[in-house]
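S.K.: To start, I am sharing the structure in question, which I have written as structure tokens.
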């Protein structure tokens with residue numbers, strides 16, 4: 001199965017800008033960006049970000065405001081500040097070079113088991129398995145026979161054991177691509193999947209989780225729709241839009257956060273501003289709480 005997946009990847013890999021790099025810093029940046037963000041979108045931002053901060057030292061010297069502006073369009077903005085904190089640690093503790101040891105990688109701010117293993121495999125050729133959402137789905141189905149077959153600890157062991165002695169970085173990308181393009185959450189494309197002859201879930205017909213059902217008045221059983229609130233009504237939307245206002249302001253200048261903001265009233269905006277300040281993503285004016293700016297230190 002491993003050979004078949006690698007051959008498929010060699011022929012059909014997604015073309016993403018950051019896959020051409022072997023620089024550990026560039027790879028760390030790409031992995032920080034790709035968390036909870038579509039790979040193609042992260043790849044576009046990655047080129048722009050590295051032009052501004054080509055080394056860990058360059059990012060460590062930048063202000064939080066500069067980093068947050070460069071992070072525009074990626075969302076989950078706390079990742080930007082965590083990456084800056086990691087850069088500061090790399091300069092202070094590792095002479096400006098991304099460490100190749102997995103334990104040292106995972107001690108960097110914002111670097112957890114996934115990012116640490118991804119950088120170790122992709123940049124340093126370590127035989128460790130990085131488990132993201134896509135890899136989790138592939139291994140649970142192919143090896144475990146159904147979604148969520150393994151506990152997190154079991155899955156990590158399976159992922160580490162699956163890595164070939166040669167091309168561990170290629171294997172990491174191959175599993176991610178397989179999950180993103182063929183082994184999808186719903187309606188997986190099993191008919192063209194290179195893993196199908198060995199995939200236990202495909203053989204058993206257990207690739208998808210059973211859908212919740214309900215019975216109507218006539219006794220008909222139907223899938224229960226998953227309700228979703230409009231995105232513009234969420235606190236995540238509001239936080240993102242407030243940061244966009246601050247990004248659009250001149251560097252160092254205070255910007256006024258008007259209320260109401262979209263569908264959010266003044267109390268909701270106040271909660272959002274407080275949470276952004278608590279996360280270090282903005283600073284408020286000492287005399288006018290409706291004035292804010294991106295943090296300078």
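Each reported figure results from applying straightforward, stated rules to the coordinates on display, with no laboratory input. From a predicted model like this one, the values you see are computed outputs, not experimental measurements. With ideal geometry, Cβ positions are generated from the backbone for all residues, glycine too; neighbour counts draw on all protein chains shown.
S.K.: Relative to the longest principal axis of the chain, what angle (0 to 90°, nearest 10) does the C-alpha long axis of helix 266-278 take?
M.R.: Approximately 80 degrees, to the nearest 10.
S.K.: Let me ask something additional. What angle do you read, to the nearest 10 degrees and between 0 and 90, between the alpha-carbon axis of helix 168-181 and the longest principal axis of the chain?
M.R.: The helix 168-181 is inclined about 90 degrees to the chain.
S.K.: Sketch the reach of a paramagnetic label on residue 41 as a point 7 Å from Cα along Cα-to-Cβ, and name the residues of segment 181-195 whose backbone nitrogen lies under 18 Å away.
M.R.: Within reach of a label on residue 41: 181, 185.
S.K.: Quick check: the distance between the Cα centres of segment 65-112 and segment 243-297, to the nearest angstrom?
M.R.: For segment 65-112 versus segment 243-297, the Cα centre distance is 24 Å.
S.K.: Once the cut-off is 19 Å, how many percent of the Cα-Cα pairs in segment 1-129 end up in the long-distance tail? Intermediate results must be reported in sequence, preceding the final value.
M.R.: Numbers: 3914 of 8256 pairs.
Distances greater than 19 Å cover 47 percent of the Cα pairs.
S.K.: If I take every Cα pair under 8 Å that is 6 or more residues apart in the chain, average their sequence separation and divide by the length, what percent do I get for the relative contact order? Write out the running numbers ahead of the final one.
M.R.: Details: 405 pairs, mean separation 47.5, N = 297.
Dividing the mean separation by the residue count of the chain yields 16 percent.
S.K.: Right, another one. Please rank 8, 171, fewest neighbouring Cβ atoms within 10 Å first, as an exposure proxy.
M.R.: On the way: 8 19, 171 22.
Starting with the residue having the fewest Cβ neighbours, the order is 8, 171.
S.K.: Let me ask something else. So if I take the alpha carbon set of segment 6-82, get Rg, then get Rh from the Kirkwood formula, what is the Rg over Rh ratio? If you can, show how the numbers build up before the last one.
M.R.: Values: Rg = 13.2 Å, Rh = 13.1 Å.
Using only Cα positions, Rg/Rh for segment 6-82 is 1.01.
S.K.: Read through the labelled values (1) 71, 47, 28; (2) 66, 65, 31; (3) 61, 54, 24 and report the label of the one computed as Cα extents along the principal axes in Å from the structure.
M.R.: Structure-derived value, by its label: (2).
S.K.: Compute the normalised compactness of segment 231-293: alpha-carbon radius of gyration over 2.2 N^0.38 Å, N being the residue count.
M.R.: Working: Rg = 10.7 Å, N = 63, 2.2 N^0.38 = 10.6 Å.
Normalised Rg, Cα atoms only: 1.01.
S.K.: In degrees between 0 and 90, to the nearest 10, how far off the longest principal axis of the chain does helix 113-124 point, with axes built from Cα atoms?
M.R.: Helix 113-124 sits roughly 80 degrees off the main axis of the chain.
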